[in-house]
Amino acid sequence: MYSLKSLPFLYQDLEPFIDTHTMGLHYQKHQRNYLNQLNQLLLKNAFSFSYPMEELYHHLSSFAPKEQNQLLFYLGGVLNHDLYWQSINPKNKELPTGPLKEAINQKFGSFDKMKEKWIEYALNIKGSGYVFLVKTGKDNIEIITTMNQDNPLQYGYLPLFCTDMWEHAYYLNNKDDKRKYLENFFEIANFSYANQHYK
Ligand SMILES: [Fe+2]
């Protein structure tokens with residue numbers, strides 16, 4: 001069976017930007033729940049656990065249509081959170097560098113302009129979803145939003161960085177003030193994963 005990756009930080013390390021209680025629930029309850037459901041679905045179908053999780057997107061047709069939707073939901077629920085944890089780090093924040101920095105400057109004008117657009121996209125999500133920075137082609141990046149637990153791999157894009165815009169990510173500490181959550185998120189945003197994987 002698949003297991004949860006360990007976090008690159010402690011729950012309390014994200015204070016005051018993300019509170020300890022939210023972080024603990026988010027990882028131990030929400031992400032773990034997606035993982036458990038994914039494992040159960042694969043067990044029920046006697047499906048192999050030998051693939052890297054990302055490859056399961058290529059095996060959708062092995063599942064009944066109703067189960068394909070479940071698989072997308074649980075799989076995205078695990079992978080999207082893995083990327084979200086990689087996108088924040090209070091101790092080792094890294095801004096875009098090298099080729100990614102160039103791509104951001106070319107696409108958006110500057111990092112600050114990208115951040116403005118990011119917040120605009122995030123605030124426009126109706127319901128639960130994510131904002132992603134994705135690589136769409138050899139030298140091209142885009143900001144996209146997805147609903148529920150959809151992952152950019154479903155659309156053929158490589159996800160590099162994301163913000164979780166489900167209420168469980170911010171509500172305890174910020175109530176309905178999504179902008180405050182997003183400003184706090186950028187205080188601990190970490191592009192080291194994005195820098196490595198854009199290359
Ligand atoms: Fe979440």
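Would you confirm whether any residue within region 54-67 is part of a helix (DSSP H, G or I), more than 16 Å from the ligand (Cβ to nearest atom), under 16 Å from the mean Cα position of the chain (by Cα) and surrounded by fewer than 16 Cβ atoms within 10 Å (Cβ to Cβ)?
yes
Going through 45, 33, 80 one at a time, which residue ends up being within 16 Å of the ligand (Cβ to nearest atom), surrounded by fewer than 20 Cβ atoms within 10 Å (Cβ to Cβ), at pLDDT 95 or above and of a type outside the set (A, V, I, L, M)? Quick ask: steps written out before the conclusion?
Values: 45 fails: within 16 Å of the ligand (Cβ to nearest atom); 80 fails: surrounded by fewer than 20 Cβ atoms within 10 Å (Cβ to Cβ).
Going through 45, 33, 80 in turn, the sole match is 33.
Quick one: residue 121 ticks every box in (1) touching a residue at least 40 places away in the same chain (Cβ under 8 Å); (2) out of contact with any Asp or Glu (no Cβ under 8 Å at 6 or more places or on another chain); (3) of a type outside the set (D, E, K, R); (4) assigned to a helix (DSSP H, G or I) except a single one, so which number is it?
The failed condition is (1).
Could you tell me whether residue 23 is hydrophobic (A, V, I, L, M, F, W, C), within 16 Å of the ligand (Cβ to nearest atom) and either crowded, with 16+ Cβ neighbours inside 10 Å or within 24 Å of residue 144 (Cβ to Cβ) (or both)?
Yes, satisfied.
Which residue is nearest to the chain's Cα centre (by Cα), if the candidates are limited to region 147-180 and must be more than 16 Å from the ligand (Cβ to nearest atom) and in contact (Cβ under 8 Å) with a residue 24 or more places away in the chain?
By that ranking, first place goes to 160.
Give the residues of region 136-160 that are crowded, with 20+ Cβ neighbours inside 10 Å and either aliphatic (A, V, I, L, M) or more than 24 Å from residue 70 (Cα to Cα) (or both), sorted by residue number.
So the first thing to find is which residues in region 136-160 are crowded, with 20+ Cβ neighbours inside 10 Å, and the list is 141, 146, 149, 151-152, 157, 159-160.
Matches in region 136-160: 141, 160.
Considering 180, 107, which residue is at pLDDT 95 or above, touching a helix residue (DSSP H, G or I) at 6+ places or on another chain (Cβ under 7 Å) and part of a helix (DSSP H, G or I)? Before the answer, list the steps.
On the way: 107 fails: touching a helix residue (DSSP H, G or I) at 6+ places or on another chain (Cβ under 7 Å).
It is 180.
If you check 195, 173, which single one turns out to be out of contact with any His (no Cβ under 6 Å at 6 or more places or on another chain) and within 16 Å of residue 15 (Cβ to Cβ)?
173
Looking at 132, 191, 185, which is the one that is aromatic (Phe, Trp, Tyr), under 28 Å from residue 99 (Cβ atoms) and touching an Asp or Glu at 6+ places or on another chain (Cβ under 6 Å)?
191
Given the conditions (1) away from the ligand (no atom under 16 Å from the Cβ); (2) in contact (Cβ under 8 Å) with a residue 40 or more places away in the chain; (3) farther than 30 Å from residue 180 by Cα; (4) of a type outside the set (S, T, N, Q), which single one is not true for residue 38?
(1)
Could you list, in sequence order, all residues of region 16-49 that are under 11 Å from residue 75 (Cα atoms) and hydroxyl-bearing (Ser, Thr, Tyr)?
Within region 16-49, 34 is the sole residue that qualifies.
Take residue 130 and tell me if it is part of a strand (DSSP E or B) and either within 29 Å of residue 4 (Cβ to Cβ) or in contact with a Leu (Cβ under 6 Å, 6 or more places away or on another chain) (or both).
Details: part of a strand (DSSP E or B): yes; either within 29 Å of residue 4 (Cβ to Cβ) or in contact with a Leu (Cβ under 6 Å, 6 or more places away or on another chain) (or both): yes.
Here the answer is yes, as residue 130 does meet what is asked.
The values are calculated or read from the model by the stated rules, or taken from the named source; none is laboratory data. All values derive from a computational prediction rather than experimental measurement. Because the Cβ atoms are built from the backbone with ideal geometry, glycine has one as well, and the counts that use them run over all protein chains shown.
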